[in-house]
Amino acid sequence: MKRIILLLVALFLACACVWLLLWNTIASVGSKAIAQENRKNIVNLNIGMPRTQVLEIMGKPQKVEAYVLAGRIIEFLFYRINGFKYYPQDCPQNFVPVAIENKNGLVLSLEPNFYRKILILSRQ
């Protein structure tokens, strides 16, 4: 009886490992395809471009954040530009932040350093 239980546990663990490996492979391929498409489209964005046009060119962002700074709301649309390997990490270097001022809806910046500065200022 103990052998059967041990065999079932080993079989379950083996299946779980295979499933995890398969899922990570599928997710990795998907993230790379998204990143490739975003890298192709991002060159069409410009400072001063309306938010609606950004969404037409880039589509739905992978994530969104907003910060209030001196009464201004600055929204960041994040687009994946690097696929992930093995684990779906949302590392900052995997995304490009598109900064949009909410008042006029225009692109302020496409630079990761701008995002980092706003993040630091919003925490002060």
Name the residue that is modelled with the lowest pLDDT, counting only residues in region 29-59 that are among the β-branched types (Val, Ile, Thr) and within 15 Å of the chain's Cα centre (by Cα). 29
Tell me, which strands (runs of 3 or more DSSP E) wholly within region 46-124 include 2 or more residues that are over 19 Å from residue 36 (Cβ atoms), touching a residue at least 60 places away in the same chain (Cβ under 8 Å) and of a type outside the set (D, E, K, R)? 106-109
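The values are calculated or read from the model by the stated rules, or taken from the named source; none is laboratory data. Note that the coordinates shown come from a computational prediction; the quantities given were computed from them, not determined experimentally. No Cβ is skipped: glycine too gets one built from the backbone with ideal geometry, and neighbour counts run over all protein chains shown.
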